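**Student:** Quick one: the structure is below, questions incoming.
The values are calculated or read from the model by the stated rules, or taken from the named source; none is laboratory data. These numbers were taken from a predicted model, which means no experiment stands behind them. Virtual Cβ from ideal backbone geometry, glycine too; neighbours counted across all protein chains shown.
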Amino acid sequence: MDIDTFYTDHWREIEDERVERYEQMFVWQDAQAKLLEPSALAPGHTVLDVGAGPGFFASGVAGLVAPGGRVHGVDINQRFVDDANQRFADDERLQFHHLTDHHLPFADATFDRVICKNVLEYVPDISATLDEIVRVLKPGGRLQVIDSDWGCVIVEPWAPHTVTRFFEAASPAFNEPYVGRRIAARMADAGLGDVVVRMSPFADQSGRGLHVLRNMASYINTFATLPAEEVDELLGQVEQALANNRFLFCLPQFLVTGDKTNKA
Ligand SMILES: C[S@@+](CC[C@H](N)C(=O)[O-])C[C@H]1O[C@@H](n2cnc3c(N)ncnc32)[C@H](O)[C@@H]1O
């Protein structure tokens with residue numbers, strides 16, 4: 001893969017091992033409903049989930065807009081879309097669609113809510129994606145973006161400059177690694193009103209954060225942006241800290257909402 005377009009190519013073409021890992025990582029947990037409180041979802045809402053992946057989050061959302069609600073998921077990865085349609089074939093509230101670019105296959109003013117979770121760091125053109133989202137939102141509808149910011153990570157036992165060095169080495173995997181801090185301004189630029197930023201803490205001592213670090217390590221090894229021995233040594237430090245109850249991984253999520261004005 002070309003390093004300049006890796007951030008999007010690595011989602012279009014995906015290996016079996018990564019699909020399996022994501023099917024475990026992205027499974028819906030009822031506690032995630034809290035992340036969606038700023039959306040003010042209500043029964044009967046029609047919702048779009050942009051970058052729906054395996055579809056578990058969309059299925060959780062479908063439960064929050066029942067009865068009467070519907071959720072459409074879109075994704076650039078054909079396999080995720082096919083698997084999600086198969087997985088949820090018995091749930092008529094859910095449907096998944098493949099995207100070939102930023103165009104959304106829906107009429108203007110279709111959705112009460114649009115949700116986009118951990119996706120915008122990968123899109124080639126955030127403005128084009130936001131313009132499409134605004135187009136398909138109903139007047140009065142709301143977009144909620146949930147995203148990380150790879151400059152806001154804590155990894156114990158690493159020193160802060162080691163964390164920075166590690167995540168910068170992984171940064172070709174993202175088109176906008178600092179999307180969390182920047183998305184509010186981009187949403188306002190797209191014409192959304194009443195843009196509000198909230199934060200959800202994520203502090204892990206149990207080792208779930210290790211999945212993220214191993215994912216980043218595989219990117220770094222692909223790009224060869226750090227010596228492989230250094231990456232192994234760093235992961236070893238983390239594993240040892242976990243074994244000694246000294247591990248901590250913090251990656252706050254930015255929860256950003258914006259409303260389409262009634263006159264738009
Ligand atoms: C980190 S996963 C998040 C999946 C899901 N939103 C969740 O949180 O469970 C990122 C997802 O965004 C999708 N994606 C990447 N670039 C995209 C784009 N330009 N348009 C739509 N989806 C995209 C990927 O295929 C992948 O399913």
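**Student:** Cβ-Cβ distance below 9 Å, separation of 6 or more or different chains: which pairs start in the range 45-69 with a residue that is farther than 21 Å from T129 by Cβ and end on one that is in a loop (DSSP other than H, G, I, E, B) and near the ligand (Cβ under 7 Å from one of its atoms)?
**Tutor:** Going by the 9 Å Cβ cut-off, the qualifying pairs are F56/F26.
**Student:** If you check G55 against the conditions, is it surrounded by 21 or more Cβ atoms within 10 Å (Cβ to Cβ), near the ligand (Cβ under 10 Å from one of its atoms) and closer than 25 Å to D194 by Cα? Let's see the steps before the verdict.
**Tutor:** Values: surrounded by 21 or more Cβ atoms within 10 Å (Cβ to Cβ): yes; near the ligand (Cβ under 10 Å from one of its atoms): yes; closer than 25 Å to D194 by Cα: no.
When the stated conditions are applied, G55 does not pass them.
**Student:** Only residues that are part of a loop (DSSP other than H, G, I, E, B) and among the hydroxyl-bearing types (S, T, Y): list them for the range 207-243, please.
**Tutor:** First, the residues of the range 207-243 that are part of a loop (DSSP other than H, G, I, E, B): 207-208, 224-227.
Once the filter is applied, which keeps residues that are part of a loop (DSSP other than H, G, I, E, B) and among the hydroxyl-bearing types (S, T, Y), the range 207-243 yields only T225.
**Student:** Residue by residue through the range 25-41, note down the ones that are free of Cβ contacts under 8 Å to residues at least 40 places away in the same chain and either more than 9 Å from the ligand (Cβ to nearest atom) or part of a helix (DSSP H, G or I) (or both). Let's see the steps before the verdict.
**Tutor:** Initially, the range 25-41 is screened for residues free of Cβ contacts under 8 Å to residues at least 40 places away in the same chain, giving 26-33, 37.
Of everything in the range 25-41, those that are free of Cβ contacts under 8 Å to residues at least 40 places away in the same chain and either more than 9 Å from the ligand (Cβ to nearest atom) or part of a helix (DSSP H, G or I) (or both) turn out to be Q29, D30, A31, Q32, A33, E37.
**Student:** May I pose another question? So the check is Cβ under 7 Å with 6+ separation or different chains; which pairs have a first residue in the range 231-253 that's closer than 17 Å to A159 by Cβ and a second one that's small (G, A, S) and assigned to a helix (DSSP H, G or I)?
**Tutor:** From residues that are closer than 17 Å to A159 by Cβ, the pairs are V231/A217; L235/A217; F247/A241; F249/G209.
**Student:** D112 versus (1) crowded, with 17+ Cβ neighbours inside 10 Å; (2) of a type outside the set (K, R); (3) free of Cβ contacts under 8 Å to residues at least 40 places away in the same chain: which is the lone unmet condition?
**Tutor:** (3)
**Student:** Related question: When you look at H103, is it surrounded by fewer than 19 Cβ atoms within 10 Å (Cβ to Cβ) and either part of a helix (DSSP H, G or I) or within 15 Å of the ligand (Cβ to nearest atom) (or both), yes or no? Spell out how you get there, then give the answer.
**Tutor:** Details: surrounded by fewer than 19 Cβ atoms within 10 Å (Cβ to Cβ): yes; either part of a helix (DSSP H, G or I) or within 15 Å of the ligand (Cβ to nearest atom) (or both): yes.
So H103 fits the description; yes.
**Student:** Right, here's the next one. Among the listed residues R186, R246, R181, R198, which satisfies the condition of being assigned to a loop (DSSP other than H, G, I, E, B) and charged (D, E, K, R)? Reasoning before the result, please.
**Tutor:** On the way: R186 fails: assigned to a loop (DSSP other than H, G, I, E, B); R181 fails: assigned to a loop (DSSP other than H, G, I, E, B); R198 fails: assigned to a loop (DSSP other than H, G, I, E, B).
Matching residue, one of R186, R246, R181, R198: R246.
**Student:** Might you let me know whether the range 153-171 holds any residue that is surrounded by 17 or more Cβ atoms within 10 Å (Cβ to Cβ) and either farther than 26 Å from A217 by Cα or within 14 Å of the chain's Cα centre (by Cα) (or both)?
**Tutor:** Scanning the range 153-171, I find no residue that is surrounded by 17 or more Cβ atoms within 10 Å (Cβ to Cβ) and either farther than 26 Å from A217 by Cα or within 14 Å of the chain's Cα centre (by Cα) (or both), so the answer is no.
**Student:** Considering only the range 187-209, I want to know if a residue exists there that is touching a helix residue (DSSP H, G or I) at 6+ places or on another chain (Cβ under 8 Å), modelled with pLDDT under 95 and under 21 Å from Q24 (Cα atoms). Break it down stepwise before answering.
**Tutor:** So in the range 187-209, the residues touching a helix residue (DSSP H, G or I) at 6+ places or on another chain (Cβ under 8 Å) come out as 187, 189-192, 195-198, 200, 207.
Now restrict to residues that are modelled with pLDDT under 95: 207.
Going one step further and asking which of them are under 21 Å from Q24 (Cα atoms), we end up with 207.
Checked the range 187-209: at least one residue is touching a helix residue (DSSP H, G or I) at 6+ places or on another chain (Cβ under 8 Å), modelled with pLDDT under 95 and under 21 Å from Q24 (Cα atoms).
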